[in-house]
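Values quoted throughout were computed directly from the atomic coordinates according to the rules given, and no laboratory measurement underlies them. Here the structure is a predicted model, which means the values were calculated and not measured. Ideal geometry is used to build each Cβ from the backbone, glycine not excepted, and the neighbour counts take in all protein chains shown.
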Amino acid sequence: MAPFLRKFFPSVYRKEALDKFTNQYCKFDSETLTLFTSSLYLAALLSSLVASTVTRKFGRKLSILFGGLLFCSGAIVNGAAKAVWMLIVGRILLGFGIGFANQSVPLYLSEMAPYKYRGALNIGFQLSITIGILVANILNYFFAQIKGGWGWRLSLGGAGVPALIITVGSLVLPDTPNSMIERGQHEGVKTKLRRIRGVHDVEEEFNDLVVASEASKLVEHPWRNLLQRKYRPHLTMAILIPFFQQLTGINVIMFYGPVFFNTIGFADDASLMFAVITGGVNFLATIVSIYSVDKWGRRFLFLEGGTQMLICQIIVATCIGVKFRVDGEPGALPKWYAIVVVLFICIYVLGFAWSWGPLGWLVPSEIFPLEIRSAAQSVNISVNMFFTFIIAQIFLNMLCHMKFGLFLFFAFFVVVMSFFIYFFLPETKGIPIEEMAEVWKSHWFWSRYVNDGSRHPN
Ligand SMILES: OC[C@H]1O[C@](O)(CO)[C@@H](O)[C@@H]1O
């Protein structure tokens, strides 16, 4: 929003609004602007490491509560901001909140979910993220129209509403049976299980939980465990899947969509409107993945989504390159031309939202065996946050230097990740978690690690 830029980032505002001769690609290149966006992810990365201990020792509820409170305070500081430092402090508080929530909420969900619905509920996590993005984009569109130019305060402060929902939720929802057992609170667990599952006979699940908890207590060094040769495929996936998810370039559209649409010549309100459209497409396609993931499988969605994103990235790069050339000639794209670009961006978002978006969380969550689950999950989240931070931090500068080639840069990674999936990711559709080991044992490449040199008898 122009009043926001004028107040906190006047040099960006001047370049964008007043200087009609600047290279289009560099209009928004400002380090404080990117620091404002990216500081949140650095804070999230740090706090998710602390949160994993809180979640284990004090229960999921407490981590969720911390997440809600920190997020709430960040929203208040941001909504009341008078200077850039307040914005950045607010973003850091939001980041701490996200670190706690990202660590504990997926765990909470998967521990509460009945076994059969775990996949769908897991995608529910990503679905909620897309709903959050969509609602935020819609509100931004309306708040931007408020006379007096203070609508951005509502946009930033409004983040307090979902934070309050999380805070209150953490107080009224029960802790998970797994967590209670893990912390030695055996009484009351069976009653709780009966309530959650809606059946009387919970003896078997109770015993399973106790056995699982005993087993995980025997693992003294989950982090060192993860480095064992037999966990090489898991460690590889815990690092590469979140890395690739971010290298699709999705957050260029999610974070800087309005900035980007502005760059190609739309007015401020039209740019915010396109953010609503991409947000809507993102949400709808995530629903598609809920229905198709167990039907067509993970590999199909990854490969189809990758191909779709690749084609769109090449088309968008070509369209922008042809018009702005390498020197970023000032002037907007013709309307119809800009609409074609927006259309292919939407098809790109569709491709992401039914593949790497949800599967980037689902696949890691179902392939880690219990003894390394929490450590591997922390690696997964940290790598995700780290690369979200990197892209958020360098995107505007990359756009300025790599120009339309930026889209080809991400396209290159989409090719690499699709080959990676094709050759190295086994299909995990319909395989019970406790039988997952077999999948690696019969894989052409990973079998040499999990079988420890000797091939499986069959
Ligand atoms: O839907 C897009 C969103 O999904 C994620 O890739 C993973 O949750 C985020 O980094 C992104 O902002």
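Structure data summary
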| quantity | calculated |
| --- | --- |
| Positive-pole candidate from Ser382, Thr428, Val414, dipole of segment 329-458, charges at beta carbon | Val414 |
| Sorted by Cβ density within 10 Å, fewest first, the residues Arg229, Arg91, Arg56 | Arg229, Arg56, Arg91 |
| Sequence ranges 141-151, 440-450, 94-104, ranked by mean other-Cβ count within 10 angstrom, highest first | 94-104, 440-450, 141-151 |
| Dipole-positive endmost among Leu156, Ile133, Leu218 within segment 116-223 (Cβ charges, Cα centre) | Leu156 |
| Ranked packing of 195-203, 3-11, most packed first, by mean Cβ within 10 Å | 3-11, 195-203 |
| Bins of 10 Å, starting at 0 and running to the largest distance - Cα pair percent for segment 23-111 | 19, 40, 25, 12, 3, 0 |
| The chain, relative contact order in percent, only Cα pairs under 8 angstrom and at least six apart counted | 23 |
| Exposure proxy ranking, count of Cβ atoms within 10 Å, fewest first, for Leu343, Leu247 | Leu343, Leu247 |
| Calculated SAXS-style log₁₀ I(q)/I(0) at q = 0.24 Å⁻¹ - segment 196-289, Debye, Cα scatterers | -1.15 |
| Isotropic mean projected area of the C-alpha convex hull, segment 370-422 (nm²) | 4.7 |
| Helix-only CD estimate at 222 nm, as mean residue ellipticity for the chain, using -39500 (n - 2.57) per DSSP H run (n ≥ 4) | -25500 deg cm²/dmol |
| Shape metrics for the chain, restricted to C-alpha atoms - Rg then Dmax, Å | 23.1, 74 |
| Mean Kyte hydropathy of 1.0 or more with a Cα span along the axis of at least 24 Å, helices from DSSP in the chain | 60-79, 84-112, 118-143, 298-324, 335-353, 370-402, 405-424 |
| Kirkwood hydrodynamic radius over Cα pairs of segment 341-452, then Stokes diffusion coefficient at 4 °C and 1.567 mPa s, in µm²/s | 78 |
| Segment Tyr422-Trp296, extension gain: residue separation times 0.36 nm, minus the distance between their alpha carbons | 43.9 nm |
| Total charge dipole magnitude, segment 39-182, about the Cα centre, Cβ charges on Lys, Arg, Asp, Glu only, Debye to nearest 20 | 180 |
| Fully extended contour minus Cα-Cα distance, from Asn225 to Arg194, at 0.36 nm per residue | 7.7 nm |
| Full-stretch length increase - Lys335, Lys57 - with 0.36 nm per residue and alpha-carbon distance subtracted | 94.4 nm |
